[in-house]
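Accompanying notes for the structure given below.
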Amino acid sequence: MIFGMNEQDFVAYVVFGITLNFLFSILFGIYLSKNIGMQEMIESKGDKEQSLLVSLSLFLPYAKMLITLYRVTILQLYFLNKGYSHKEFWVYMTHNES
């Protein structure tokens, strides 16, 4: 037993979490590329590195998905509701703060 579950159940949760991680990440990437444009994203991408928390979250199946949903929430609540564009969100996500 792992965390009070049978091994098969635990593996099923992990596989489901990893699948959701990739699904949400891919859908968010497609959403941004449709609204900004792939060429525009490539040209305006900064050199900001991901934080250690985001890198470590790859090992926790649901953590990366929650971080992606957090980014979607920031995009909607902070940027789009205040009149900023998708491109400004992309610049915010990929450039170091000055």
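Here are some notes:
- Theoretical FRET efficiency, 1/(1+(r/R0)^6), r = Cβ-Cβ of GLU43 and LEU66, R0 41 Å, to 0.05: 0.85
- For TYR84 and TYR13, the difference between the fully extended length at 0.36 nm per residue and the C-alpha to C-alpha distance is 21.8 nm.
Just so you know, all these numbers are worked out from the coordinates, no wet-lab data involved. No experiment lies behind these values; they were computed from the predicted model shown. For neighbour counting, all protein chains shown are included, and Cβ atoms are generated from backbone atoms with ideal geometry for every residue, glycine included.
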